[in-house]
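What follows is a short report on a single structure.
Here, each number is a calculation from the coordinates, and none is a lab measurement. What you see is a predicted model; the values in this text were computed from it and never measured. Cβ placement follows ideal geometry from the backbone for every residue including glycine, while neighbour counts extend to all protein chains displayed.
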Amino acid sequence: MAQDTRTRGSAIIPIPRSVYLSWAVAVTLGCGRDHLAVSEQAELAALSASAQAGERGDDQSTQTPSRANADAVMQTARAMIDEGRNTFRYDTFGDEAFWGGALRIHEALKGEAFGGVGSGVSPETALKVGLKVDSAALPRSLVRQLRAGQVDLTAPATTLALLKLDAVVGVKGVFDGSGQNLTTVGIQCALCHSTVDDSFAPGIGNRLDGWPNRDLDVGAIIALSPDLSPVAKLLDVPEPRLRDVLASWGPGRFDAAVFLDGKAFRPDGKTAATLLPPAFGLAGVNLHTYTGWGGVSHWNAFVANLAMHGQGTFYDPRLDDASRFPIAARERFGHIRSDPDLITPKLAALQFYQLALVAPTPPASSYDAAAAQRGKAIFAGKAKCADCHVPPLYTEPGWNMHRPEEIGIGEFQAQRSPDEHYRTTPLNGLFTRAKGGFYHDGRFATLADVVAHYDRTFGLSLNGSERADLVEFLRSL
Ligand code: HEC
Ligand code: HEC
């Protein structure tokens, strides 16, 4: 037993499982290699040597190496998770060149008093635009002072101190040698895809990685820039018009596509920005983003290069279609090459970490369990929701895409993507994104509105209590 048949070139070579496993470990290690402890590397070398010597995983004498081999996989997994978490929380991929260098946001943050421009941004203002503070990054002395009300939350100097502590979720402040002067800023994935549990105070608490920050007003943060001309030039609009666009986004939204197609508003005049989605619960899901641009890693590379403006490599020739993506085609966004490439080496562990972010479950007290149980039967039965939202993924295993008319909405956002479809949204952890509404643009304010929409569109003839039970079920996911 334990023979695995792999095709190599044209020959079919039977490979003993122990060899195959060592090979798989070595391949999986790829990007994480730098981070392996010396002892782990030695262990791996010993394992692959014993595998080459022809030992088999199925005989008594090799039970130990075989188990050690499995442990090596676990060690790899742990190293990948650590590295990926670090990237997700703290990496800027060199995007300071854009946020600080081009947009000069750091100058607005520190204000004139510290060599910048304007009055600076106090923690009070920062919290108001939805920025979050990681309480675990605060030294005990500061926590004590905060509790005692001895910290001035109206002073930009306090914001600078928080940045220096790496305590502002998703924002990296870079200080010069004196440690006093903020010289540039960058942003991290956590800015939009993390929040905090408010355990210390509203906006201050422990990080919740993967939760969408539906308080975050990204447009207002970009608009802090004293000089938006680089973005205005890219979009080919006057700066005041760009400021109107940024103000139209509102909390919890960002428009990744406007930098490709220049379409800032929907045909009905409302903002074309989409809601920030969670970055948890994505394992097992085939296509990602509301319109299914690609897999997790495609989008990670897209965002790091094109939205955050990090320095990396990105290839997507679909963006060469000038009739649909005029800006992207002109700027050759589908053909980004940077030297050094600060993104590509981090993609493997970043994806690994994201896939390990399980969707949180809502507190049992937050919904009526008996009603949810009844709603579950309606979801799979009369309401036909499970035709698309297949449990436990709550999206289709396979090609999880639908034409706009299949779900009874307009084509505007679908048309802004290569596939012109909408992706079936995975529904786990819905309670974390009740703010801002549902569907890609938040068109339905409540889950009851979503259910009423399906009831009309599909002619389900659900009665009032069936609709209510269905809502309770959604609230329990
Ligand atoms: C400025 C805010 C912002 C930042 C920073 C950001 N994202 Fe996103 N992210 C979004 C928005 C908005 C979408 C939805 C885009 C869409 O569907 O059109 C999204 C979508 C995603 C998705 C798809 C989720 C799904 O449901 O399929 C993933 C995965 C993701 N982002 C990962 C990342 C990673 C990794 C980073 C850092 C490299 C990052 N994002 C940085 C705003 C952001
Ligand atoms: C034909 C496939 C299909 C069926 C059937 C379907 N959905 Fe959906 N669902 C989708 C798609 C696609 C989206 C994404 C729409 C968007 O973002 O604009 C979605 C989005 C949602 C959302 C919003 C999630 C979010 O985070 O914004 C909820 C809630 C939802 N569906 C619940 C249901 C319920 C309840 C039913 C049954 C009454 C149902 N769906 C039936 C395809 C389907």
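Some observations on this one:
- Ranking of ILE105, ILE336 by neighbouring Cβ atoms within 10 Å, starting from the fewest: ILE336, ILE105.
- Per-pair calculated FRET efficiency, R0 = 41 Å: ALA148 and LYS384 via Cβ, rounded to 0.05: 0.10
- Length added when fully stretched, PHE265-ALA161, from 0.36 nm per residue minus Cα-Cα: 33.6 nm
- Using every pair of separate Cα atoms, the Kirkwood estimate puts the hydrodynamic radius of the chain at 24.8 angstrom.
- CD proxy at 222 nm, helix term only [per DSSP H run n ≥ 4: -39500 (n - 2.57); per residue of the chain; nearest 500]: -11000 deg cm²/dmol
- Pairs over the 28 Å Cα-Cα cut-off, from the set LYS132/LYS384; LYS270/LYS384; LYS376/LYS435; LYS132/LYS346; LYS263/LYS382; LYS110/LYS132: LYS132/LYS384; LYS270/LYS384; LYS263/LYS382.
- Computed extension gain for ARG403 through GLN415, at 0.36 nm per residue and net of the alpha carbon distance, reaches 3.3 nm.
- When both the range 100-135 and the range 301-315 are represented by their alpha-carbon centers, they are found 24 Å apart.
- Restricting the trypsin sites (Lys or Arg not before Pro) of the range 234-308 to loop positions (DSSP other than H, G, I, E, B) with no more than 15 neighbouring Cβ atoms within 10 Å leaves LYS270.
- Low-density loop positions, trypsin sites (Lys or Arg not before Pro), the range 292-383 - DSSP coil, at most 12 other Cβ in 10 Å: ARG332, ARG337
- Ascending count of other beta-carbon atoms within 10 Å, so fewest first, for HIS453, HIS106: HIS453, HIS106
- For a label point 7 Å along the Cα-to-beta-carbon line of ARG456, residues of the range 263-302 with backbone N under 12 Å: none
- In nm, spacing of pseudo-spin labels at ASP339 and GLU112 (7 Å Cα→C-beta vector): 4.5
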